[in-house]
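Comments concern the structure below.
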């Protein structure tokens, strides 16, 4: 086998870090790989140094590389801790996708929930964080209101175990507070709650962690952009110009120099009405072409248009997101959106 960076990466994909159940390349543990004609040098990022798994993985990597490229090859592997690399409990999460809107009432949480379902249906490992601290809706939308996440202790610190439903790992502030009472929290308390949901939980290995942001451009959005490596944002709007005026502000927030998060595209929710007895019929009750025009004005792709159907409200209220119904036009729309998003990371 010819010694190149790509061939080294392929070999290292066969080295498994059993603590997280995947190979060291897909887990993002491989860092600063350098390859010359006679030497291979890289760093391996571990959650913590000094664990037995550290030597096991390094020895396995050395053995695999020498078997592939010969015993004479010089191999230099340096272990480092996640904290030294600026990582943390989300090291096993490949992509964080933020779902945002400029205002409430555009169906952002419905989009986030059904996007997570569609990504999971496509074969991805998915988690969903309900970061809408003041109006959590994930427990109801997934029928998990009466459940509570598990907790275990790691190195003297409590770690939250997300609830799993429909193959998706779920966390929401709604699992920890009385949702019948309003949360009267200042900004620091809200951002602290977000950090707990993200950093104090055992998310394991995920292809996508979808985050349902609160509407607007407040503390939660700023904390997420500044403190976490977000792969991209999805902006949700409805066809009305009054909704887009607020959505535009949310999109522009992600374009700020110090908060740059790639915007994957725009989703036009409630784009048209489709009756259940005529699934191929479209009633453009809010007019036509708004989504395309909004996306063009923002300079981003239009990821998809989600219709209004009769079952969308009842499905969310009953804890069974409509994207689970493969025959629904909404499920088909979300499947296409999920496929488009996945192509952006291939």
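When region 129-153 is filtered for residues that are surrounded by fewer than 17 Cβ atoms within 10 Å (Cβ to Cβ) and either in a loop (DSSP other than H, G, I, E, B) or not assigned by TED's automatic domain parsing to the domain that holds residue 224 (or both), the ones remaining, listed by number, are 134, 135, 143, 145, 146, 147, 148.
Note on region 117-128: residues that are on the phi < 0 side of the Ramachandran plot and either free of Cβ contacts under 8 Å to residues at least 12 places away in the same chain or surrounded by fewer than 24 Cβ atoms within 10 Å (Cβ to Cβ) (or both) amount to 5. The numbered conditions (1) farther than 14 Å from residue 203 by Cβ; (2) without any contact (Cβ under 8 Å) to a residue 60 or more places away in the chain; (3) in contact with a helix residue (DSSP H, G or I) (Cβ under 9 Å, 6 or more places away or on another chain) are all true for residue 114 except (2). Restricting 222, 213 to those that are under 26 Å from residue 300 (Cα atoms), surrounded by fewer than 18 Cβ atoms within 10 Å (Cβ to Cβ) and in the same structural domain as residue 269 (by TED's automatic domain parsing) reduces the list to 222. Pull up region 326-346, narrow it to residues that are touching a helix residue (DSSP H, G or I) at 6+ places or on another chain (Cβ under 6 Å) and surrounded by fewer than 22 Cβ atoms within 10 Å (Cβ to Cβ), then point me to the one that is farthest from residue 309 (Cα to Cα). This residue is 335. Tell me, please, whether a residue that is over 20 Å from residue 27 (Cα atoms) and more than 32 Å from the chain's Cα centre (by Cα) can be found in region 39-47. There is at least one residue in region 39-47 that is over 20 Å from residue 27 (Cα atoms) and more than 32 Å from the chain's Cα centre (by Cα).
Checked against the criterion of being assigned to a loop (DSSP other than H, G, I, E, B), surrounded by 12 or more Cβ atoms within 10 Å (Cβ to Cβ), in the same structural domain as residue 319 (by TED's automatic domain parsing) and modelled with pLDDT under 90, region 159-176 has at least one qualifying residue.
Being within 23 Å of the chain's Cα centre (by Cα), crowded, with 20+ Cβ neighbours inside 10 Å and outside any strand (DSSP E or B) is a condition met by at least one residue of region 234-248.
For (1) surrounded by 15 or more Cβ atoms within 10 Å (Cβ to Cβ); (2) within 16 Å of residue 101 (Cβ to Cβ), each residue gets a yes or a no:
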residue	(1), (2)
254	yes, yes
261	yes, yes
270	yes, yes
273	yes, no
277	no, no
282	yes, no
296	no, no
301	no, no
304	yes, yes
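Across region 24-67, the number of residues qualifying as free of Cβ contacts under 8 Å to residues at least 24 places away in the same chain and either at positive phi or in contact with a helix residue (DSSP H, G or I) (Cβ under 7 Å, 6 or more places away or on another chain) (or both) comes to 4. For region 269-294, the set of residues classified as touching a strand residue (DSSP E or B) at 6+ places or on another chain (Cβ under 7 Å), over 23 Å from residue 112 (Cα atoms) and not in a strand (DSSP E or B) consists of 282, 284, 285, listed by residue number. Every condition in (1) touching a helix residue (DSSP H, G or I) at 6+ places or on another chain (Cβ under 6 Å); (2) assigned by TED's automatic domain parsing to the domain that holds residue 228 holds for residue 79 except the one numbered (2). Of everything in region 249-275 that's out of contact with any helix residue (DSSP H, G or I) (no Cβ under 7 Å at 6 or more places or on another chain) and within 18 Å of residue 309 (Cα to Cα), which residue is modelled with the highest pLDDT? Filtering region 249-275 for residues that are out of contact with any helix residue (DSSP H, G or I) (no Cβ under 7 Å at 6 or more places or on another chain) and within 18 Å of residue 309 (Cα to Cα), the one modelled with the highest pLDDT comes out as 270. Here residue 127 fulfils each of the conditions (1) modelled with pLDDT of 95 or more; (2) over 19 Å from residue 195 (Cβ atoms) apart from (2). Residue count for region 295-325, restricted to those that are in contact with a helix residue (DSSP H, G or I) (Cβ under 8 Å, 6 or more places away or on another chain), part of a loop (DSSP other than H, G, I, E, B) and free of Cβ contacts under 8 Å to residues at least 40 places away in the same chain: 3.
The values are calculated or read from the model by the stated rules, or taken from the named source; none is laboratory data. Predicted model, so just to flag it, every value in this text is computed and none were measured. Heads up, the Cβs are rebuilt from the backbone with ideal geometry, glycines too, and the neighbour counts pull from every protein chain shown.
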